[in-house]
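Take a look at the structure set out below.
The values are calculated or read from the model by the stated rules, or taken from the named source; none is laboratory data. Small disclaimer: the values here were computed from a predicted structure and weren't measured. For neighbour counting, all protein chains shown are included, and Cβ atoms are generated from backbone atoms with ideal geometry for every residue, glycine included. Keep in mind that these areas ignore ligands, DNA and RNA; they rest on the heavy atoms of the full protein, side chains included. Shrake-Rupley method; radii C 1.70, N 1.55, O 1.52, S 1.80 Å.
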Amino acid sequence: MRHCIYPGTFDPITYGHLDVLARAAKLFDRVTVAVADNPGKAPLFTTEQRIELLHASVAQLKNVAVMNFDGLLVDFCVAQKADAIIRGLRALSDFEFEFNMALMNRHLKPTVETLFVMPNEQFSYTSSSLVKQVAKYGGDVSHFVPPNVAAALKKAYA
Ligand code: COA
């Protein structure tokens with residue numbers, strides 16, 4: 001059983017994240033979406049809300065589970081007996097941050113491999129912050145997030 005972890009803050013989940021997740025679910029027997037509490041990012045949604053929004057979005061992917069984690073990602077990977085971390089590369093600008101994080105994680109736990117997949121190019125400029133900014137000022141985010149997330153954003157900014 002090949003198991004990978006797809007970590008992130010997911011504040012909130014977007015179609016870009018879901019694209020990466022669908023690719024991971026084809027490559028691995030099991031995928032665990034690991035939602036970082038990440039108080040440093042001052043998320044709009046609580047960890048519980050982010051998990052709830054994710055649950056609804058991944059319901060059709062039978063080999064995908066959602067959990068939260070705090071502490072080091074590699075420790076979570078070891079605790080979950082995961083083989084790999086999967087990350088998305090949207091554009092060249094993601095590379096340096098992802099490269100450093102992958103090497104640091106490898107230094108901390110050499111047995112946990114990091115793999116990268118590229119989401120569909122239509123999501124190359126999607127980010128949770130930009131989506132929140134558009135939603136905050138009443139813009140249409142339906143191209144970027146599932147309907148339940150769009151509704152949650154509307155409520156949060158009402
Ligand atoms: N589609 C849409 N957006 C995407 C995306 C995709 N495919 N891939 C990345 N993004 C965006 C996110 O929306 C997010 O946007 P935002 O900054 O506007 O919110 C941004 O890219 C980065 O988000 P994400 O990929 O979720 O990473 P993150 O920085 O939120 O989370 C952790 C990084 C949680 C994985 C990392 O900090 C971690 O592992 N923390 C645990 C502590 C630890 O082990 N630290 C040592 C790491 S070396």
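Numbers for the structure displayed
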| quantity | calculated |
| --- | --- |
| Region 9-151: Lys pairs at Cα distance under 28 angstrom, eight or more positions apart or on different chains | 9 |
| Extended-chain gain in nm, criterion 0.36 nm per residue less alpha-carbon gap, Ala56 and Leu103 | 13.6 nm |
| Accessible area of the chain belonging to carbon and sulfur atoms, whole % at 1.4 Å probe | 57 |
| Cross-link reach list, aspartates and glutamates versus Lys154, counting only Cα pairs under 15 Å and skipping chain neighbours closer than eight places | Asp11, Asp140 |
| Per residue accessible area of the chain, 1.4 Å probe, in Å² | 56 |
| Semi-axis lengths, Å, the chain, gyration tensor of Cα atoms, sqrt of 5 times eigenvalues | 25, 16, 16 |
| Whole-Å distance, taken between Cα centres, linking region 135-158 and region 61-78 | 26 |
| Share of Cα-Cα pairs in region 99-138 lying beyond 16 Å, as whole percent | 60 |
| Charge dipole (debye, nearest 20) of the chain; +1 at Cβ of Lys and Arg, -1 at Cβ of Asp and Glu | 220 |
